[in-house]
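Values quoted throughout were computed directly from the atomic coordinates according to the rules given, and no laboratory measurement underlies them. Values in this document were obtained by computation on a predicted structure and should not be read as measured data. In this analysis, Cβ positions are derived from the backbone assuming ideal geometry, glycine residues included, and neighbour counts consider all displayed protein chains.
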Amino acid sequence: MNHADEEFKKFKEMERTGVSRFPISLDRYRTQWYALNNLDAALKPGGRFVFSGFGQENLHQVKILTGSGLEYLPVEELRRLLYNHFTYVDLHREMIRQTFAAPFDVLRHLQQTGVTATGQFRWTPGSLRTFERDYTERYSADGQVFLDWDVLYGIVQK
């Protein structure tokens, strides 16, 4: 059983026992934008919130090569901020490596999943060729290229 399965089982148990006024589960792509003060106000004492988000190393290959990407808090800083609002914090980090046939497939995957990893980066035919060359040189193994996801899983309790 992987960590995500374990966290889901914890969430289902909290849901079954009615630990909070309402267990909140936001999708992992939006969690990082949810204001802690709003969450703190939404939970009654003893209420729990289960979430996932991303860490600093998320999609770092693309960020390094384009100079563009989202900024995430260091895990320890996030943990400190959570402890300022909640009595219990359980935060775990998992690095997931995904492989692709070519660098262009990485970009296509990010586009299809709605991830805006390159932000305001402006692609030209030349910048795409450079990206593909550099990506293959730096981030390939066994005939494939790889992309790293830095995923955070957490549970907090008020």
Taking Lys and Arg as +1 and Asp and Glu as -1, residues besides ILE64 with C-beta under 10 Å from its C-beta add up to +1
For region 40-125, one quarter of the surface area of the C-alpha convex hull, expressed in nm², comes to 7.5
Neighbour-count ranking for LEU78, LEU128 (other C-beta within 10 angstrom, fewest to most) reads LEU128, LEU78
Note on region 41-128: contact order normalised by length, alpha-carbon pairs under 8 Å, 6 or more apart, percent, works out to 36
Listed with the fewest Cβ neighbours within 10 Å leading, TRP123, TRP149 appear as TRP123, TRP149
